[in-house]
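The values are calculated or read from the model by the stated rules, or taken from the named source; none is laboratory data. No experiment lies behind these values; they were computed from the predicted model shown. Cβ: placed from backbone, ideal geometry, glycine included. Neighbour counts: every protein chain shown. The protein model used for the area step is the full one, side chains on, heavy atoms only, and it has no ligands, DNA or RNA in it. Shrake-Rupley method; radii C 1.70, N 1.55, O 1.52, S 1.80 Å.
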Amino acid sequence: MYNIANLAVMSDQPLEEFLRQVVQLLPAAYLYPDITAARIVLGEKTYETAGFANDGPRQAANIVVGDFKCGTIEVSYREARPELDEGAFLIEERRLLDSVAREISIIIERKRAQAEQNQLHAQLRHAERLATIGKLAAGVAHELNEPLTGILGFAELLKELPGMPPQGASDIGRIESAALHAREIVRKLLLFAKQIRPKQKPVDINTVV
């Protein structure tokens, strides 16, 4: 348990590496270490020492996280041994295995909590970046609105000039069309930046498509 506690302190190592090291420590703690093998099953992953015997004397404990059994830790002998407190095992070995199972459960919970915290931090950083982009978009939109208003206003005045040749009127129409398109882009920037409220209205789906 002392060695496992030392491993648990190394919180930066992956859970898989922690379990591999724990399973290697267990045989030495048993009465017959030379014929002892250990195995940890967690979900679909298995970590075990060489020579684990499914048909030999075996002792097991559940790994429980949040009232949910997510795995087991097992110790087996490769040979038959005389009856002791619990089959071929001592009562102290049962207490040890239960303690190891609890320690693994604590580490799993800690790792999951750390992963959730890291995910929340990543989401917060993403939200902060979006807020910055929103402010930038709002600033750009406001800077563009004023010259676009001037372009559209003067285009309207030019259209009213007497004697405007057809080509000139056509070119002014293109200027208006481009300015209106730019204004729509500005409107979308402001919408993205939450500077204006989105509006709901009936639309013709065929026209939109």
For GLU93, are the conditions met, namely being in contact (Cβ under 8 Å) with a residue 24 or more places away in the chain, more than 23 Å from LEU15 (Cα to Cα) and in contact with a helix residue (DSSP H, G or I) (Cβ under 7 Å, 6 or more places away or on another chain)? no
Tell me which of these SER105 doesn't satisfy, since it passes every other one: (1) in contact (Cβ under 8 Å) with a residue 40 or more places away in the chain; (2) more than 20 Å from LYS69 (Cα to Cα). (2)
Might you check whether a residue that is of a type in the set (Gly, Ala, Ser), more than 30 Å from GLN59 (Cβ to Cβ) and open to solvent by less than 40 Å² (accessible area, probe 1.4 Å) occurs anywhere in the range 110-133? no
Within the range 123-154, of all residues that are touching a helix residue (DSSP H, G or I) at 6+ places or on another chain (Cβ under 8 Å) and small (Gly, Ala, Ser), the one nearest to ILE175 (Cα to Cα) is ALA141
Look at the range 10-48 and say how many of its residues are under 28 Å from the mean Cα position of the chain (by Cα) and aromatic (Phe, Trp, Tyr). 2
Among residues of the range 24-59, those that are in a strand (DSSP E or B) and of a type in the set (D, E, K, R), counted: 4
Cβ-Cβ under 8 Å, sequence separation 6+ or interchain: first residue in the range 60-75 and touching a residue at least 40 places away in the same chain (Cβ under 8 Å) and part of a strand (DSSP E or B), partner open to solvent by 60 Å² or more (accessible area, probe 1.4 Å) and among the acidic types (Asp, Glu). Which pairs? VAL65/GLU109
Which of the residues that make up the range 164-184 are within 16 Å of LEU144 (Cβ to Cβ), without any contact (Cβ under 8 Å) to a residue 24 or more places away in the chain and either surrounded by 13 or more Cβ atoms within 10 Å (Cβ to Cβ) or over 49 Å from the mean Cα position of the chain (by Cα) (or both)? ALA178
Kindly list the number of the only condition in (1) modelled with pLDDT of 85 or more; (2) of a type outside the set (D, E, K, R); (3) in a helix (DSSP H, G or I); (4) under 40 Å from the mean Cα position of the chain (by Cα) that fails for VAL203. (3)
